[in-house]
Amino acid sequence: MSLHDASVTQMSKMLRNLDAWLDKAKEHAKAKEFDVEVLVTSRLAPDQFPLVRQVQSACDSAKYAVARLSGVEAPAHPDEEKTVDELQARIRAVIAYMETVTPDAFEGASDRRVTLPFLPGKWTKGIEYFVDFAAPNFYFHVITAYAILRHNGVNLGKRDFLGHVRLYDIEA
């Protein structure tokens, strides 16, 4: 699997799953007759970010991974979302950006020097950045968003988390 597949393809898939979970959250709120926007500020623990920040962070983790590995500048998002619809718009904007970055842009990405703004004077190789930081950070925020929704009664299961799995006929 290439770094393009691992970042653009896989992270886009998981962001699409997250978007679908938010659709299920809307359905759940409607069925239970509560305002879905209550979920935006829900959190699992007092010292943990709420759903809104988890979604923003998942989006940022994905777009910055793609940008840092490909050398293509990431779009700015000012973290102003206050509603589920705005969070879904953010998810979709990040997916749209990521899908503009071609596999060719990842040429040499494994050895590309990656710097992080919060670690001045330090750098890491692209593959090490992705494996040690970008992928785990992305999944941390996606999983936490999933857990917040589950904790609040949204009917999500393992298939919702995994999403589409590519399968092939044995004879092929």
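Since every read-out is calculated from the coordinates, none of them should be taken as a lab result. What you see is a predicted model; the values in this text were computed from it and never measured. Every residue, glycine as well, gets a Cβ built from its backbone with ideal geometry; the counts of neighbours run over all protein chains shown.
Here are the numbers for this structure:
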| read-out | value |
| --- | --- |
| Pairwise FRET efficiency - Lys82 versus Lys32, Cβ, R0 = 25 Å, nearest 0.05 | 0.75 |
| Taking the convex hull of Cα positions in segment 118-161, its mean projected area over all directions (nm²) | 4.2 nm² |
| When each of Lys32/Lys82; Lys82/Lys122; Lys24/Lys125 is checked by Cα-Cα distance, pairs over 31 Å | Lys82/Lys122; Lys24/Lys125 |
| Residue among Val38, Ala105, Leu116 farthest towards the positive dipole end of segment 12-152, charges placed on Cβ | Leu116 |
| Distance between modelled label sites at Ser110 and Ser2, nm, 7 Å Cα→Cβ extension | 1.3 nm |
| Label point distance in nm, Tyr168-Val72, each placed 7 Å from Cα along Cα→Cβ | 2.6 nm |
| Degrees between helix 135-151 axis and first principal axis of the chain (Cα, 0 to 90, nearest 10) | 10 degrees |
| Using alpha-carbon coordinates, inclination of helix 84-98 to the longest axis of the chain, degrees | 20 degrees |
| Electrostatic dipole magnitude of segment 3-161 [Cβ: Lys, Arg +1; Asp, Glu -1; Cα centre; debye, to 20] | 360 debye |
| Top positive-direction residue, dipole computed over the chain with Cβ charges, set Tyr64, Ile91, Leu156 | Leu156 |
| Per-selection Rg to Rh, the chain - Cα, Kirkwood hydrodynamic radius | 1.00 |
| On Cα atoms only, tilt of 51-70 relative to the major axis of the chain in degrees | 20 degrees |
